[in-house]
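**Q** I have a structure here, written as structure tokens, and I will follow up with some questions on it.
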């Protein structure tokens, strides 16, 4: 049953039709070995979770590039941006020391405090065909403030008029925030500060105003009450956000039964049966633990209202580079391109590499069921 009546957008659900993902034979299309380190003394351990945009005659990726100190026997290390020095410093602990836990490859816990094992920045990669990319040697955006001392991650790009708006996760001991930047040429960038305070991430901004307001999906982390869920918000200037509304949560009996969060920025569809915003999102299942992708169909005039939702994943970790890597069993998208019936999804695989898969929009829509 729908949470809200939507008679002007109601649809009848047909028999299940699974979306068949066609992975590029070149996958993974970007690996850490292809990326030059930006920080002396660190090595690239991940090039993944890229935002995507068309710019002039090229396809551009804004890669999350993760760098870490070289492994050292018996030690755990965390790179940190120092506001005072304006550079990256490395802190180290003995693995034998009391209170040091490095069992998760992504984090180190020391005396109850959490540190990241890598620090991320955003790097541009350019391509004429959307498959083979030239990666720029220097970061486009990197940590510069006290809200970013653990790095900046997981960007999304939304084109509105002639401006590309980039939101990304800003990570620090103060928590995970969402910050905003903008560009018109992918050479110079204006930074606009924090737009969603901790603890919030997975923000996706819609590409046009709806009902006179900008809209975004976001994912606040709920502490102690419920699993993380997708919410919506509105703004008049893309900087100050309010009118927060619940959108969707994990489903106890679904492939997304642990938690969900936003993926790529939503895009509009208008077909004979479907009219609304398609939002590709990630869902996590607990047994076995895996990150997969699905779709929400949101009301065209009120994207806080869910019309339909993927019965089954449209992309799940099956290939070796998705099942095994820095963090196993992950497909995670921050960007896609739509060309007619083709939805080309760029995604991070196993938190280490970038891959691409083509899906049919018709198949995605045919695989929707009640929310």
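The values are calculated or read from the model by the stated rules, or taken from the named source; none is laboratory data. What you see is a predicted model, and the numbers here were worked out from it, not measured in a lab. Note: ideal-geometry Cβ built from the backbone for every residue, glycine included; neighbour counts use all protein chains shown.
**Q** Out of region 233-243, which residues are over 15 Å from residue 206 (Cβ atoms) and in a strand (DSSP E or B)?
**A** So the first thing to find is which residues in region 233-243 are over 15 Å from residue 206 (Cβ atoms), and the list is 239-240, 242.
242, the sole residue that qualifies.
**Q** Taking region 249-301 only, how many residues are part of a strand (DSSP E or B) and under 22 Å from residue 51 (Cβ atoms)? Spell out how you get there, then give the answer.
**A** Start the filter on region 249-301 by keeping residues that are part of a strand (DSSP E or B), which leaves 259-262, 267-270, 275-286, 289-298.
This time we only want the ones that are under 22 Å from residue 51 (Cβ atoms), so: 259-262, 267-269, 277-284, 291-296, 298.
Within region 249-301, residues that are part of a strand (DSSP E or B) and under 22 Å from residue 51 (Cβ atoms) number 22.
**Q** Could you list, in sequence order, all residues of region 311-357 that are part of a strand (DSSP E or B) and more than 18 Å from the chain's Cα centre (by Cα)?
**A** Across region 311-357, the qualifying residues are 339, 342.
**Q** Restricting to region 329-342, name every residue that is in contact (Cβ under 8 Å) with a residue 40 or more places away in the chain and touching a helix residue (DSSP H, G or I) at 6+ places or on another chain (Cβ under 9 Å).
**A** 329, 330, 331, 338
**Q** A follow-up question, please. Kindly establish whether residue 304 is surrounded by fewer than 23 Cβ atoms within 10 Å (Cβ to Cβ), at negative phi and at pLDDT below 95.
**A** No: the conditions fail for residue 304.
**Q** Let me ask something else about it. Could you please find all residues in region 177-193 being more than 17 Å from the chain's Cα centre (by Cα), surrounded by 15 or more Cβ atoms within 10 Å (Cβ to Cβ) and in a strand (DSSP E or B)?
**A** 182, 183, 192
**Q** For region 69-147, list the strands (runs of 3 or more DSSP E) that sit wholly inside it and hold at least 1 residues that are closer than 23 Å to residue 36 by Cα and touching a helix residue (DSSP H, G or I) at 6+ places or on another chain (Cβ under 8 Å); which are they?
**A** Fully inside region 69-147 and qualifying: 75-82.
**Q** Can you confirm whether residue 212 is over 21 Å from residue 152 (Cα atoms) and surrounded by 14 or more Cβ atoms within 10 Å (Cβ to Cβ)?
**A** No; evaluated as a whole, the condition is false for this residue.
**Q** Let me ask you something else. Scan region 35-68 for residues that are within 26 Å of residue 185 (Cβ to Cβ) and not in a strand (DSSP E or B) and report the count.
**A** The total comes to 7.
**Q** Now for a separate question. What about residue 309, is it surrounded by fewer than 18 Cβ atoms within 10 Å (Cβ to Cβ), at pLDDT 95 or above and either in contact with a strand residue (DSSP E or B) (Cβ under 6 Å, 6 or more places away or on another chain) or more than 27 Å from residue 234 (Cα to Cα) (or both)?
**A** Answer is no for this residue.
**Q** Just the residues that are on the phi > 0 side of the Ramachandran plot and in contact with a strand residue (DSSP E or B) (Cβ under 9 Å, 6 or more places away or on another chain), please, taken from region 123-172.
**A** 130, 151, 154, listed by residue number.
**Q** Another one. If you scan region 211-239, which residues turn out to be over 19 Å from the mean Cα position of the chain (by Cα) and under 24 Å from residue 53 (Cα atoms)?
**A** Matches in region 211-239: 213, 214, 234, 235, 236, 237, 239.
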